[in-house]
Every structure is written in structure tokens, then in C-alpha cells.
Amino acid sequence: MTEKLENPRLILFPQTAEVNAKDHLVIGGCDTVALAEEFGTPLYVFDEVDLRARCREYKTEFGKRYPKTTISYSPKAFTTSAMLKLVEEEGLDLDIVTGGELGIARAVGFPMERVHFPDNNKSAEELKLAVKYNIGHIVVDNLPELDMLIKIAGRKKVRILLRLNPGVDPHTHKYNSTGIVDSKFGLTRTTWDEAVATALAASNLDVDGFHFHIGSGLFEVEPYLSAIDAVLEYAAEMKKKHGFEMRTLSIGGGIGVQYTVDTAPPPVAYFAEAIINNIKDQCRRLKLTPPKLIVEPGRKIVAKAGMALYTVGVIKEIPGIRTYVSVDGGMSDNIRQPMYGDWARQEAIIADRVSARNTDKVTISGKLCESGDILIKEIMLPALKAGDILAMAGSGAYAVPMQSNYNSMLRPAIVFVKDGKARLIRRRETLDDLTRRDVI
Ligand SMILES: *Cc1c(COP(=O)(O)O)cnc(C)c1O
């Protein structure tokens, strides 16, 4: 008889996660082992209840403290038509970063006035489309873009935010630090004055306010507070100098997610409380009218709601060194570990034996021709065998949109689960998809 344990890693899975009588992992009322059988693996599974709950958590926690808040989902974390539709239904705005994302937003009928567009190197083509569709805000990132936009806008009046780089270290992975001085993102402090003066002088620009985004995966609130201080102080300075009233402030996204059992960031409520108190205090002190607030979460909305299912294949034990457990996906469907290293550690359980005891230290590797093709470095799991279904938690953000066809892998199917039903929202790629764009 095996002893049943409550698996502590279940807290890393979506909020509807439970274990059924067969000791299988169940999400949204669906047995994940049955999902793997029905849809094949690798399979990405998203809990629709969890996704909607995260949208509502943001709206509630910021909204109840500061009613003038708009939550704008950053679809680069997980970009699919069904997700954009869900976000629209939940009343969130959209924070796109390319003409491609703008195109998907249009295709699902997302209201263009609820779309905002940051990005550090927008093309003339992208700006023209953004102007043509009358999107909510073009978030101007740099002086060349400002000049280009003034020309492109022509006789139209275009609403913009200026993205200020506040020079704040968010204490996260360096690839995810976007508000430090040495960053390609945002207007450098030395260019703020010129940007404001130029933008205010342009009769075809409506300067609605300022924007910053300091990074992704933040566990601390202090970097947000420092950035808010810097930007609000500057807003007060511009009010004195130009009589300019900042009407909107966007504080970007970036709140971190619990990916491993022993590292938990504070909840959204904690960030909301400190951020809102700081905005109110500073506005009072600086005699500024409290602006409308935009918050742009990506990772936090989708990371935990999404998981990946893989089938275990070859197990290779190198005595005294390491045991590789290879699965049928890898860096082509989730490149986080190779790209960010230990910072991006995720954890997994065996979906077909959730409560079995962890006895073996293994490394979960993919099937691609690259030694860096590792999904999880050294994790304790129950003794594995070929055919087991591995459920990898925290796969909802920055996995699917970074997928590739490296080694001509077919990108996985994605399902939304809810109330015991699974809905295919992206089919698995086929061999035809692989050659569709080729010309002989
Ligand atoms: C990526 C990005 C976000 C979202 O960041 P998360 O860490 O996923 O919340 C928000 N705003 C901008 C401008 C971004 O580039």
C-alpha cells in the first residue's frame, strides 16, 4: 500500500486543482490524464476560472482603493484569440507591443479605444495603424518615435503617454529589468524635458500623461514606489514649468508569481495598498490632481492559470551524476529555463500519481538537439516510468508566445478547461503548417 500525502506542490497549480479517486490531477473538473489522452501531449491547459479570478482580483484590489484605475492586460505573456476575448469580457484593456498584437486585437473585435501601445522601436507602419484605428494611447518611448508620430498623425489628434525611464532597479532577472538607466526602454532622464516640450508644442498630440514599466517578476513593492516618486515629482515640475496637468499615469506591470513551493511573492492586494497610498500621498504633497491610473499586468494574470502536460519517454541514469527524464516537448514549447536560468525555475508533479512520495532526484529534459534543452534542473519526484504524464505548473506566462518550431517541432494544442469541459482554443500544429510558408 502506498501512503497518501497531500502534495505541497498543488498550490502552484490553478485554483480549481484537485485530486480525484484515481490519484490523478484534476483542473477545471477535467482529469488531466484523460486530457493528455484526448488531445495528445505536450498540451497546454488553462483554468478559465483562475484566469477570470485573476482579472477580477486586479480590478477589485486596485479599484476599491482607487476607483480611477484601468487594468490593461499585457497579451505578450499569453497571446491567443480566446484569451483576448476573455480579457475583453472581463472589462480589462489591452497593452499591445507590436502591430501583430494589434492585428489580433482587431481580429477578435477588441474595442480600439481600450488598446494601449508601448514598444521601443515602433515602425512607421505600426504607428500609422495605431493612428488610423484611434487606439487609446500610443505610449511614446523615445525622441525619434515622437518626431515620427508628429509627422504621421497629420491633422488627427493622437492621445499619447510619454514613457519615462525612471532609473530604478526592480531586483529581478536582468533580462526583465526595463526601468534601469542602462535599458533600451523609455526616455532617458536627460531627454524628458525635450520630449515634454516637443510633445506639448505639437498641436496634433494630446499628452495625457506618463508611463513607466520597470520590469517583470517583481517580489518587492519599493521599486514601484521609487518610480512613482520620480515620475510624480517630475509631473509637478512640468505643471509649474508648462502648466501641464498629468491626467493619466501608467505604472506598467511586473508583479511576481509563485513558481516554486518555497518562494511566494506578496499578493496583489499588498502591492495595490502600498502603490495607491503612495500615489495619494505624493499627489497631496505635490498638489497634483490624482491622475487616472493604468496598471498593466501580464504574467500575474496567466502564469499560474496555465500548466503544461508532457509524456515521459526515455529515462537515462548516469550513475553518480544525474538522471535525465526526457519528455515529448522542451525548449520549443517553453524556453524559460534555457533563457533565464534558475530565476525561471518551475516545478512539476506526476499527474497520474499526484500523492506518490518523492523519492528520486531527476532532471527533466526535452527532446530537442541542444544540451540546454532543460525544463527543470534537479527536482525530487516519485519514481518515474515511460508513459507517465508530467504536469508542469506555472506554464501560463511567457511560454506559449515564445514557442518555436526548432527541430521542426509541432507547437502544442491549448485547451481552456471549466466545469468539467475542455475547449480547444488552439489546435496542435500539423506537418502542413511546417511547410506552409516554404517556396521551392
Ligand atoms: C511586458 C510588459 C508588461 C507586463 O509585464 P508582466 O511582468 O508580465 O506583468 C506591462 N507593461 C509593459 C510596457 C510591458 O512591456
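What follows draws every value from the coordinates through simple rules; no lab data is involved. The model shown is predicted, which means the values in this text are computed figures rather than measured ones. Reconstructed Cβ throughout: ideal geometry from the backbone, glycine too, with neighbour counts over all protein chains shown.
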Ile214's amide H: which non-local residues (gap 5+, or another chain) put their own amide H closer than 5 Å, with H modeled 1.01 Å from N in plane and none for Pro or chain starts?
Gly253
All Cα pairs of region 1-159, percent lying beyond 27 Å
43
Taking 7 Å along the Cα-to-C-beta vector as the label spot, tell me the Arg428-Arg155 distance in nanometres, rounded to one decimal.
5.6
Sorted by packing (mean other beta-carbon atoms within 10 Å per residue), highest first, where do 75-81, 315-321, 371-377 land?
75-81, 371-377, 315-321
In terms of Cα to Cα distance under 18 Å, which aspartates and glutamates are near enough to Lys22, apart from those fewer than 8 places away along the same chain?
Glu3, Glu6, Asp31, Glu37, Glu38, Asp352, Asp388
The value for region 79-297 (convex hull of the alpha-carbon atoms, volume per residue, Å³) is 122
Mind ranking 197-206, 138-147 by how tightly packed they are, going by the mean number of other C-beta atoms within 10 angstrom, highest first?
138-147, 197-206
Please list, or write none, the lysines whose alpha carbon is within less than 23 Å of the alpha carbon of Lys367, excluding same-chain residues fewer than 8 places away.
Lys316, Lys377, Lys385
log₁₀ I(q)/I(0) of region 236-387 at q = 0.13, 0.15 Å⁻¹, via Debye over equal Cα point scatterers, no solvent, to two decimals?
-0.72, -0.85
Binned at 20 Å from zero, the C-alpha pair distances of the chain give percents of 25, 52, 21, 2
Computed over region 319-440, the convex hull of the Cα set has an average projected area, in nm², of 9.7
May I ask for the Rg/Rh ratio of region 102-167, computed from Cα atoms with Rh as the Kirkwood radius, given to two decimals?
0.96
Quick check: the angle from helix 268-286's long axis to the longest principal axis of the chain, C-alpha only, nearest 10 degrees?
10
Note the full-extension length gain between Lys184 and Glu113 as 0.36 nm times their separation in residues minus their Cα-Cα distance, in nm to one decimal.
22.8 nm
Can you work out D for region 178-276 in µm² s⁻¹ from Stokes-Einstein, where Rh is the Kirkwood radius over C-alpha pairs, the temperature is 10 °C and the viscosity is 1.306 mPa s?
105
Note: region 335-382 at 25 °C, 0.890 mPa s; Kirkwood Rh on alpha carbon pairs; Stokes-Einstein D in µm²/s works out to 211
R0 = 60 Å: FRET efficiency of Lys68 with Lys385, Cβ-based, nearest 0.05?
0.60
